[in-house]
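A.B. asks: Please see the structure below; I have some questions.
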Amino acid sequence: MSSPTPETRRFRSKTAELEALTWGDPRDPAALLVHGFPDSAWTWEVLGPALAATGRYVVAPFTRGYAPSSLATDDDYSIGSLVGDIVAIHREIGADERAIVIGHDWGGAIVSALTAAHPDLFHRSVLIAIPPLATIKALFAPSRVRANAARLARQAPRSWYMTLVSTPWVSEAIGAWVIDRLWRAWAPNSVAAVARQREQGLLALAGRARRRAAFSYYRAVWNPLYRRSRAHRYEQLAAFRAPQVPTLYLQGAEDTCGLVDTGADALDHLPPGSRRLVVAAAGHFAHLEQPEIVARHIIDFVGKGA
């Protein structure tokens with residue numbers, strides 16, 4: 001039986017050192033949990049032990065740039081490099097094809113890209129609060145813009161922060177305010193449920209250098225001049241393809257970041273065996289706001305480990 005208190009483990013790559021929280025027995029099938037923005041690995045302190053109790057070795061890294069992980073020595077925060085970090089952890093812990101991977105928010109984007117590029121590494125995946133990147137790409141397809149205009153118009157006011165954090169210097173100067181504002185906006189009715197994770201998230205992004213790193217995740221998506229490592233060119237090119245692993249997509253019915261209908265077409269871009277569930281009385285942090293319900297859905301979908 002795993003203790004709810006995690007152990008920590010350090011992973012080193014050529015361009016970053018990632019610290020991770022871990023639960024469970026390293027001999028069990030792996031579960032890799034990837035946090036989002038502006039959160040931290042502590043977002044998994046409820047789900048992590050629950051998965052470990054089913055016979056899984058849970059590894060939840062602080063993604064590059066988020067303390068106590070290091071900043072990237074090559075200053076590359078592109079999705080290709082983020083995927084590469086998770087692949088490296090999978091390799092270092094000796095995980096096999098029984099592994100599962102779960103991502104929330106930006107972590108969901110990483111998981112979507114990861115399971116598009118390396119489907120052979122995982123048995124199942126779970127996305128929380130963000131649809132597959134292929135779904136987002138399809139929303140903006142020139143042939144579909146008119147049909148999706150109403151949906152995009154409803155979503156636009158909730159995506160205001162993306163433009164702001166993508167603006168150098170200005171975003172760094174007011175970054176602390178932006179992050180605090182997003183926590184309040186995304187958990188307006190769940191302050192108590194996310195209080196500890198909010199404080200940990202603020203600590204993970206304390207200081208301009210950390211905030212610049214997290215904001216660079218967004219800049220690397222749209223800016224064609226962003227300097228990306230060629231070491232992860234394949235992962236970068238595959239990022240917006242459809243995931244090839246059966247996926248559970250969970251979305252809070254009251255999410256104030258991404259509207260429910262934004263991900264309504266998710267199953268069109270997921271393989272057979274995938275599911276989409278809308279979690280009642282939950283917002284952007286469904287795994288924290290409805291932890292028992294979300295854990296049950298995930299365990300039912302991914303199965304037990306050992």
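A.B. asks: Return the residue satisfying two criteria in turn: it lies in segment 229-245 and is surrounded by 18 or more Cβ atoms within 10 Å (Cβ to Cβ) and small (Gly, Ala, Ser), and of such residues it is modelled with the lowest pLDDT.
C.D. replies: For segment 229-245, the residue satisfying everything is SER229.
A.B. asks: Identify all residues within segment 274-306 that are over 27 Å from PRO119 (Cβ atoms) and acidic (Asp, Glu); write none if there are none.
C.D. replies: Correct list: GLU289, GLU292.
A.B. asks: Taking segment 246-296 only, how many residues are touching a strand residue (DSSP E or B) at 6+ places or on another chain (Cβ under 8 Å), in a helix (DSSP H, G or I), in contact (Cβ under 8 Å) with a residue 24 or more places away in the chain and surrounded by fewer than 19 Cβ atoms within 10 Å (Cβ to Cβ)?
C.D. replies: Result for segment 246-296: 0.
A.B. asks: Is it fair to say ARG211 is crowded, with 18+ Cβ neighbours inside 10 Å, part of a helix (DSSP H, G or I) and of a type outside the set (Asp, Glu)? Explain how you work it out, then say what you get.
C.D. replies: Working: crowded, with 18+ Cβ neighbours inside 10 Å: yes; part of a helix (DSSP H, G or I): yes; of a type outside the set (Asp, Glu): yes.
Spelling it out, ARG211 is indeed crowded, with 18+ Cβ neighbours inside 10 Å, part of a helix (DSSP H, G or I) and of a type outside the set (Asp, Glu).
A.B. asks: Looking at SER69, SER13, which is the one that is touching an Asp or Glu at 6+ places or on another chain (Cβ under 7 Å), surrounded by 17 or more Cβ atoms within 10 Å (Cβ to Cβ) and more than 15 Å from ARG210 (Cα to Cα)?
C.D. replies: From the options SER69, SER13, the qualifying one is SER13.
A.B. asks: Another one. Tell me, please, whether a residue that is surrounded by fewer than 24 Cβ atoms within 10 Å (Cβ to Cβ) and of a type in the set (Val, Ile, Thr) can be found in segment 84-91.
C.D. replies: Yes, segment 84-91 contains at least one residue that is surrounded by fewer than 24 Cβ atoms within 10 Å (Cβ to Cβ) and of a type in the set (Val, Ile, Thr).
A.B. asks: Determine whether segment 197-208 contains at least one residue that is more than 18 Å from ASP105 (Cβ to Cβ), in a loop (DSSP other than H, G, I, E, B) and among the aliphatic types (A, V, I, L, M).
C.D. replies: Within segment 197-208, the subset more than 18 Å from ASP105 (Cβ to Cβ) is 206-208.
Keeping just the survivors that are in a loop (DSSP other than H, G, I, E, B) gives 206-207.
Among the residues that remain, those that are also among the aliphatic types (A, V, I, L, M) are: 206.
Scanning segment 197-208 turns up at least one residue that is more than 18 Å from ASP105 (Cβ to Cβ), in a loop (DSSP other than H, G, I, E, B) and among the aliphatic types (A, V, I, L, M).
A.B. asks: Kindly provide the set of residues from segment 1-39 that are touching a Leu at 6+ places or on another chain (Cβ under 6 Å) and assigned to a loop (DSSP other than H, G, I, E, B), ordered by number.
C.D. replies: The answer is PRO6, PRO38.
A.B. asks: Across segment 105-132, which residue is surrounded by the fewest Cβ atoms within 10 Å (Cβ to Cβ) among those that are of a type outside the set (A, V, I, L, M, F, W, C) and in a helix (DSSP H, G or I)?
C.D. replies: First pass over segment 105-132, keeping only residues of a type outside the set (A, V, I, L, M, F, W, C): 105, 107-108, 112, 115, 118-120, 123-125, 131-132.
Narrowing further to those that are in a helix (DSSP H, G or I): 107-108, 112, 115, 119-120.
On the way: GLY107: 31, GLY108: 27, SER112: 32, THR115: 29, PRO119: 15, ASP120: 9.
Per the criteria, the residue is ASP120.
The values are calculated or read from the model by the stated rules, or taken from the named source; none is laboratory data. Since the structure is predicted, the reported quantities are computational estimates derived from the model, not experimental observations. Reconstructed Cβ throughout: ideal geometry from the backbone, glycine too, with neighbour counts over all protein chains shown.
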